[in-house]
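Take a look at this one; I'll ask things after.
Nothing in this text is a laboratory measurement; each read-out follows from the coordinates by a stated rule. Since the structure is predicted, the reported quantities are computational estimates derived from the model, not experimental observations. Backbone-built Cβ (ideal geometry, glycine too); neighbour counts: all protein chains shown.
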Amino acid sequence: MTDWEREFPAPAKLNLMLHVVGRRADGYHLLQSVFRLIDLADTLRFEPRAAGAVRLVDPLPGVPEEHDLSVRAAVRLRQAAGVRRGITLRRIKRVPMGGGLGGGSSNAATVLLALNRLWGLDWTRERLRAIALELGADVPFFIYGENAFVEGVGERLRPLAVPPAWYAVIHPGVAISTREVFADPGLTRDTKPIKMAALPTAPGRNDLQSAVCARHPQVRRAIEWLARSGDARMTGSGACVFAAFEEQCQARSVLDGMPAEWTGWVARGLERHPLREWAR
């Protein structure tokens, strides 16, 4: 099988904790978070095009093709590298939009990592991360490719060993606007920073959770339901919630009793991104 015939994974992430520790003068929020890769993933395939264009097969509903983060990643890399060739993207979506799982950001990172190989660029990871940060705050993490303590607006990453775990992940059926969450006047913005040395065993929380639950009772109900079985919390800006378990069967047992109107997955925590070695 050639690289062009491969399917490329774009794994989701969980925020095991997310603290808002301040705000910059330009309005961007300063965060501390632990990002954990999981094996719930979208997959992408690529086909070369003779014409110098980037096309996406089956764009997402309500998202113009040129605004799709995967397309923007391919276009930006093509421009930066001076590539004349085009590309067609095919994507199978499994990670929900507006769920706080980083699906769009992970798609963009997989595009950069895959095209780095398919186009024979041999760019370093640091060079790809510079483009990734232009696309979005979470994209550099997926280029970085391992579980991390994340600071700043998402650009400062340090590797963090996270114990093996299985996660029960629930989507309560509502999409959350990250922009609206960070604009909420009731959002906590002054949590005291913690030291990385205290992680990952230090207690943490998601500072966005209370603001989201006030706006979206579906998320609050999902957290309350899952909390009966474990330490439940929201990931990212929502709407997905999760709890960690030592064994796969424990997570599966919890989801077997989940209300029918929700969607759930059992996800395994990953140590590294499956494409981690595709950039040096």
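Counting only DSSP beta bridges with both residues in the chain, what percent are antiparallel, rounded to the nearest 5?
Details: 44 of 48 bridges.
About 90 percent, rounded to the nearest 5.
Using the alpha-carbon atoms, what tilt in degrees (0 to 90, nearest 10) does helix 103-118 show relative to the longest principal axis of the chain?
With rounding to tens, the tilt is 30 degrees.
Label points 7 Å out from Cα along the Cβ direction at Arg158 and Glu7: separation in nm?
According to this spin-label approximation, the distance is 3.8 nm.
Which value results when the Cα radius of gyration for the chain is divided by 2.2 N^0.38 Å? Numbers along the way, then the final one.
Numbers: Rg = 18.6 Å, N = 280, 2.2 N^0.38 = 18.7 Å.
The value comes to 0.99.
Would you kindly compute the Cα radius of gyration of segment 184-239 and its largest Cα-Cα separation (Dmax), both in Å?
For segment 184-239, the Cα radius of gyration and maximum Cα-Cα distance read 12.7, 35 Å.
Whose amide H sits under 5 Å from the amide H of Leu56, counting only residues 5 or more places off or on another chain, with H placed in the peptide plane?
Leu89
Project the alpha carbons of segment 75-189 onto their principal axes and report the range along each, largest first, in whole Å.
The Cα atoms of segment 75-189 stretch 47, 33, 30 Å along their principal axes.
Counting helices only, and only those DSSP H runs with n ≥ 4, report the 222 nm mean residue ellipticity of the chain as the sum of -39,500 (n - 2.57) divided by its residues, in deg cm²/dmol to the nearest 500. Before the final figure, lay out the partial values.
Details: 8 runs with 78 residues, N = 280.
Roughly -8000 deg cm²/dmol at 222 nm, from the helical runs in the chain.
If you don't mind, another one. Any chance you could check the Cα centroid distance between segment 166-236 and segment 19-71 for me, in angstrom?
21
In a Debye calculation with equal point scatterers on the alpha-carbon sites of segment 175-280 and no solvent, what is log10 I(q)/I(0) at q = 0.18 Å⁻¹?
Results for segment 175-280 at q = 0.18 Å⁻¹ read -1.06.
For segment 113-242, calculate the relative contact order in percent as a whole number, restricting contacts to Cα pairs under 8 Å that are 6 or more residues apart. List each step's numbers first, then the result.
Values: 136 pairs, mean separation 26.6, N = 130.
Reported as a whole number, the value is 20 percent.
Mind computing the radius of gyration and Dmax over the alpha-carbon atoms of segment 119-160? Å is fine for both.
Here Rg and the maximum Cα pair distance are 10.4, 32 Å.
Pull up the cross-link candidates among the lysines for Lys93, meaning alpha carbon to alpha carbon under 28 Å and not fewer than 8 places away within one chain.
Cross-link targets: Lys13.
Which angle between 0 and 90 degrees, to the nearest 10, do you get for helix 125-135 versus the longest principal axis of the chain when only C-alpha atoms count?
With rounding to tens, the tilt is 70 degrees.
Here is a further query. To the nearest 10 degrees, how steeply does helix 69-81 sit against the main Cα axis of the chain, on a 0 to 90 scale?
Value to nearest ten degrees: 40.
Of Ile87, Ile38, Ile170, which has the largest mean-square fluctuation in a 10 Å C-alpha GNM of the chain?
Evaluated over the chain, the most mobile residue of the options is Ile87.
Within 10 Å of each candidate Cβ there may be at most 15 other Cβ atoms; applying that plus a DSSP loop requirement, which GluC sites (Glu not before Pro) in segment 184-280 survive? Present the calculation step by step, with values, prior to reporting the outcome.
Numbers: sites: Glu224, Glu246, Glu247, Glu261, Glu271, Glu277; in loops: Glu246, Glu247, Glu261, Glu271.
Here the GluC sites (Glu not before Pro) that fit, given the DSSP loop and packing criteria, are Glu246, Glu247, Glu261, Glu271.
Just from the alpha-carbon atoms, what are the Rg and Dmax of segment 3-160 in angstroms?
15.5, 48
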